[in-house]
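Report on one structure; see the data block that follows.
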Amino acid sequence: MARTPVRQFKYRVFLSYSHEDHRWARWLHRELETFRIPAGIELPADARPENPNRPLAPVFRDREELASAASLTDAVNDALAHSEALVVICSPAAIRSRWVNEEIIAFRRLGRSHRIFCFIIDGDPASNDDGGCFPPALTGNESFQQGLADPPPEPLAADARPQGDGKKDAKLKLLAGLLGVGLDDLRQRELHRRHRRMLAVSAASLVVTSITIALAIMAYLSSLEADRRRAQAEDLVGFMLGDLYENLHEIGRLDVYQSVGDKAMDYFGSLRDEDASDHMLGERARALRQIGTARMDGGKSDLALESYREALAIALTVALRNPDDPDAQIDLANSHFYVGWVHWQRNELDEAQAQFTAVVPIVDSVSARDPQRAEWLVERGYAYTNLGRLLELQGRHEAALDLYREVQSINQRLVELEPENDDYRLEVGFAQNNIGKVLHSLGRLQEAEQHYRADLQIKTDMSSEQPKNNLWRRYLAASHYHLAHLSSARGSKALARQHYLAAIASLDALLMIDPERSDWLNRKASCLRELAALDRMDGDPESAAQRIRDSIQILSGLREVDASNARWEAGIALGRIEAARQSLLHDETEQALDLASSANTSLEKLMEAEPNNQQTRLHLMTARLVLGDVHDATGKGAAAKQYWSDALSQLSADVQNPEALDVRSALLFRLGRHRDAQALAERLAVMGFAPNFTRDGE
């Protein structure tokens, strides 16, 4: 049969799918409509579209009208008659869907079975029962029953399942079939185009241009018919909040994304109440979460919390109206997390725990619907990880370790389900790192190193595969930092220095792209502080002094932007403790006293705000140990003993953290309890821990 020229059809593609597969349908709709033909691809003469920039637009996608209809609506039948091709999203849900079957039958009655394309997302193509994926209208038996004259289409399809073609290759296979071009040629051209696109996205000027174009498109669409305008605007906003956000996040330019999010919010604000569907409310909540993240990365936690709370209120409304919609429930869980994340960063642990705890039953309930569904399984891993971090701060390390091991099992299962998913590979590394941190705190240093090295290997491999991915470079810097901290604790100073410098090199490269990212600046300040301590122990006072000044200066700048973030205040206090130890070595006792007293005051305030934070408690007792040393150096023995005794009384004798045992051992020795101090020193030696404090003071 000769192919009807493309120009005679109103729609290039009619997308048929079950409501249960609406997320896939929304993604595929956007991918088809926004696809551009790569340079060098020549379409067949009868397949050349009117708009060569968007060869597969428009795509018809409609499922809302069929909810209560007894048969296909006139609008759907008309759209089928005026569609050049039918794409069926195949899955067990599609088999169960009456309307998918009806749409296939209606399209085949038009005599265009040869223009039916299948896109498999789930199920077994070889199965004919409920576990299969092809709707009955695609089989010969159904054809006979319906009296269809034309033969059924051959059930060969693009298979998006991980064990099939995979999501990316399946999309290209479908595109090649729809356009009538060779798959290999399209794949190579698309790969070249993707590389060029990444280079373009990395330039801020082109990003700004893209935003301008997007706004121009939205302005143009405003002159069109209302329903079509809203549909096109939804797709554009989806691109802005999806692909554009991911690319900007990948290159580390969330500052540029802030303007994109603001424009998206302007659009949401322009909608009338009757236009605010649950879908658009969900998009608005997503935009608010991403705006909050950009604000948080800029060190503006108050503004970030404002965005996150508004997103939570919207997500709660949508979730209550749609209790059986897993996407709405996951959006609610994510909104709870982000509110809790800000509280966690601000040392407001009770508020953080309330939000993180609210996430767990939501993700457990959703995941229980299909325990093998990766996108829901990963949410359980996130929820357990966040609770584990709070348990760490509370000193409940064994409980945190149990959670992290469960997360490790979840992440390994995710990789088994989708071995090509880079995000899941990263999650395995994160779990290794979290387990390493807890083992470090439990004094199991050799085991901790094994997990840290496993994490570093994953991040190194992934950064080597995509060296321009700045998000992964950030993760690599964090892995180097944790391994450096452990190496220092085990007395491997040269190795620790090597990893700290590697972390700083990665961070400096990132800060060349965005010099105001607070998380990168904070990590660099921590590296500089730890290197300063190594310089002090190695007898390099000038380098030690410069590095600690740089560390405190970075964090002071962050505090000026956001005084409510407890991380900056704690980091400055730790820097002053190190500076006081340096001053004490050079008999600059007055300066040492000012520095140690300032650190003590800051940490007392943090401890008062959050008395259950055991990490802050250790830092405060360290400040009092140093304060006692300063007073002892100036002949004020009674004052020194008071500081040491007070610190010892607030450090638990049952603690396992080697850093805490080190401080406790030093305090015991200074107070004349040499036998108890020696017992702790021997315990630290068994752990393989190198003391940070000498037993007789500085």
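The values are calculated or read from the model by the stated rules, or taken from the named source; none is laboratory data. Computed from a predicted model, the values in this text were never measured in an experiment. Counting neighbours? That spans all protein chains shown, and the Cβs are built from the backbone with ideal geometry, glycine included.
Yes or no: segment 391-406 includes at least one residue that is buried (at least 19 other Cβ atoms within 10 Å of the Cβ) and within 30 Å of D165 (Cβ to Cβ). No, segment 391-406 contains no residue that is buried (at least 19 other Cβ atoms within 10 Å of the Cβ) and within 30 Å of D165 (Cβ to Cβ). Scanning segment 522-539 for any residue that is in a helix (DSSP H, G or I), of a type in the set (D, E) and farther than 30 Å from H586 by Cβ turns up nothing. Here are some residues: D508, D461. Which one is surrounded by fewer than 19 Cβ atoms within 10 Å (Cβ to Cβ) and closer than 26 Å to R559 by Cβ? Among D508, D461, only D508 is surrounded by fewer than 19 Cβ atoms within 10 Å (Cβ to Cβ) and closer than 26 Å to R559 by Cβ. Among the residues of this structure, L531 does not count as one that is more than 27 Å from W472 (Cα to Cα), surrounded by 22 or more Cβ atoms within 10 Å (Cβ to Cβ) and at pLDDT 95 or above. Every test in (1) within 19 Å of the chain's Cα centre (by Cα); (2) buried (at least 22 other Cβ atoms within 10 Å of the Cβ) is passed by P467 save one, and that test is (2). With respect to E569, is the statement that it is assigned to a helix (DSSP H, G or I), within 22 Å of L303 (Cβ to Cβ) and within 38 Å of the chain's Cα centre (by Cα) true? It is true that E569 is assigned to a helix (DSSP H, G or I), within 22 Å of L303 (Cβ to Cβ) and within 38 Å of the chain's Cα centre (by Cα).
Taken as a whole, the condition of being polar (S, T, N, Q) and surrounded by fewer than 18 Cβ atoms within 10 Å (Cβ to Cβ) applies to N612. Checked against (1) within 17 Å of A592 (Cα to Cα); (2) among the small types (G, A, S); (3) part of a helix (DSSP H, G or I), G635 passes all but a single condition, namely (3).
Can you run down the residue pairs with Cβ atoms below 7 Å, 6 or more apart or on separate chains, where the first is in segment 525-554 and over 19 Å from G491 (Cβ atoms) and the partner is of a type in the set (S, T, N, Q) and surrounded by 24 or more Cβ atoms within 10 Å (Cβ to Cβ)? Close Cβ pairs satisfying both conditions: A525/S551; L528/S551. Every residue in segment 517-556 that is within 26 Å of the chain's Cα centre (by Cα) and farther than 19 Å from A484 by Cβ, please. R517, S518, listed by residue number.
Here A81 does not qualify as in contact with a Ser or Thr (Cβ under 6 Å, 6 or more places away or on another chain) and surrounded by fewer than 22 Cβ atoms within 10 Å (Cβ to Cβ). Of everything in segment 656-676 that's surrounded by fewer than 19 Cβ atoms within 10 Å (Cβ to Cβ) and not basic (K, R), which residue is nearest to V438 (Cα to Cα)? If we take residues in segment 656-676 being surrounded by fewer than 19 Cβ atoms within 10 Å (Cβ to Cβ) and not basic (K, R), then Q656 is nearest to V438 (Cα to Cα).
Considering segment 539-571, and only residues there that are in contact with a helix residue (DSSP H, G or I) (Cβ under 7 Å, 6 or more places away or on another chain) and of a type in the set (D, E, K, R), the residue that is surrounded by the most Cβ atoms within 10 Å (Cβ to Cβ) turns out to be R547. Looking only at segment 411-453, which residues are aliphatic (A, V, I, L, M), surrounded by fewer than 23 Cβ atoms within 10 Å (Cβ to Cβ) and within 20 Å of the chain's Cα centre (by Cα)? Hits for segment 411-453 are L414, V415, L417, L426, V428. Reported count of residues in segment 572-588, each being assigned to a helix (DSSP H, G or I) and surrounded by fewer than 20 Cβ atoms within 10 Å (Cβ to Cβ), is 1. Annotation note: Cβ proximity below 7 Å between a residue of segment 637-656 that is closer than 25 Å to S441 by Cβ and a residue that is part of a loop (DSSP other than H, G, I, E, B) and aliphatic (A, V, I, L, M) (sequence gap 6+ or interchain) occurs for W644/L671; L648/L671; Q656/L442.
Of the helices (runs of 4 or more DSSP H) lying entirely inside segment 419-503, those containing at least 1 residues that are of a type in the set (K, R), farther than 19 Å from R405 by Cα and modelled with pLDDT under 95 are 445-465, 470-489.
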